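Input: a single structure, listed below in structure tokens.
The values are calculated or read from the model by the stated rules, or taken from the named source; none is laboratory data. None of these values were measured; they are calculated from a predicted model. When we count neighbours, we look across all protein chains shown, and the Cβ atoms used for this are built from the backbone with ideal geometry, even at glycine.
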Amino acid sequence: MRMKPRWMRPRWMSKVAVLGASLVVGLVAMASGAGSATPATVLKASTMVGVTGPYVGATNPIRGVNGGGVPWAIDQGKVVLGADGSLEVKVEGLVLVPTGANPVTTFRAIVSCQTIVDGAAAVSNVSTDAFPATTTGDSKIVATVALPSPCFAPIVFVTSPGGSWFAVTGV
């Protein structure tokens, strides 16, 4: 069957075609995540490094955060920080170098940002509550922190309950 030229078709067919095309575009946008409530990712890291060398102890703090008192090693660390302050940190094998074990029952995370306070450069460190850690150094920290505005160059630390860092984002 041969279709009639456009100028000979009823107007309702054109309206149905436009409506159908709009519906398809809307469904594709929804499926692709457009308009999603997921916050923008500020930091995504797939590596962390344990405290070592001159960073062990209080001699050379990073952004005001002292290193743990002995060297620590980490098998794997992953971090995702959202613009809304949502934070997920997963560590595996975060242990003391001398013993190969984790003697601490809980870890915390600290998000450190460069920011501006009263027109001057400043550092803002925001800590999570404590999360359970195994003797093999595994832990998952899921929290929301109050990020400063602005939050430049964020760094995420995994720390002791007292705030000394054992691992930090980086390689």
message: For the range 66-79, which positions are among the β-branched types (Val, Ile, Thr) and either farther than 17 Å from residue 108 by Cβ or in contact with a Ser or Thr (Cβ under 7 Å, 6 or more places away or on another chain) (or both)?
response: 70, 79
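Based on what the data block shows, is residue 80 under 13 Å from residue 169 (Cβ atoms), modelled with pLDDT of 95 or more, in the same structural domain as residue 162 (by TED's automatic domain parsing) and among the β-branched types (Val, Ile, Thr)?
Working: under 13 Å from residue 169 (Cβ atoms): yes; modelled with pLDDT of 95 or more: yes; in the same structural domain as residue 162 (by TED's automatic domain parsing): yes; among the β-branched types (Val, Ile, Thr): yes.
Yes: the conditions hold for residue 80.
Please find, within the range 79-108, the residue that is nearest to residue 151 (Cα to Cα) out of those that are of a type in the set (Gly, Ala, Ser) and over 16 Å from the mean Cα position of the chain (by Cα). Spell out the reasoning first.
Going through the range 79-108, the residues of a type in the set (Gly, Ala, Ser) turn out to be 82-83, 85-86, 93, 100-101.
Adding the requirement that they be over 16 Å from the mean Cα position of the chain (by Cα) leaves 93, 100-101.
Details: 93: 29, 100: 35, 101: 34 Å.
Here the answer is 93.
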- request: May I ask you to say which residue of 147, 96 is buried (at least 16 other Cβ atoms within 10 Å of the Cβ), within 18 Å of residue 73 (Cα to Cα) and hydrophobic (A, V, I, L, M, F, W, C)?
  value: 96
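Does residue 147 qualify as being of a type in the set (A, V, I, L, M, F, W, C) and in a loop (DSSP other than H, G, I, E, B)? Don't jump to the end; show me each part of the working.
Numbers: of a type in the set (A, V, I, L, M, F, W, C): yes; in a loop (DSSP other than H, G, I, E, B): yes.
When the stated conditions are applied, residue 147 passes them.
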query: Out of (1) without any contact (Cβ under 8 Å) to a residue 24 or more places away in the chain; (2) in contact with a Phe, Trp or Tyr (Cβ under 6 Å, 6 or more places away or on another chain), the odd one out for residue 159 is which?
result: (1)
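Among the residues that make up the range 90-99, is at least one of them assigned by TED's automatic domain parsing to the domain that holds residue 46 and either of a type in the set (D, E, K, R) or touching a Lys or Arg at 6+ places or on another chain (Cβ under 6 Å) (or both)?
Filtering the range 90-99 down to residues assigned by TED's automatic domain parsing to the domain that holds residue 46 leaves 90-99.
Checking which are either of a type in the set (D, E, K, R) or touching a Lys or Arg at 6+ places or on another chain (Cβ under 6 Å) (or both) leaves us with 90, 92.
Checked against the condition, which is being assigned by TED's automatic domain parsing to the domain that holds residue 46 and either of a type in the set (D, E, K, R) or touching a Lys or Arg at 6+ places or on another chain (Cβ under 6 Å) (or both), the range 90-99 yields at least one hit.
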- prompt: Any idea which of 109, 121 is surrounded by 12 or more Cβ atoms within 10 Å (Cβ to Cβ) and either part of a loop (DSSP other than H, G, I, E, B) or hydrophobic (A, V, I, L, M, F, W, C) (or both)?
  reply: 109
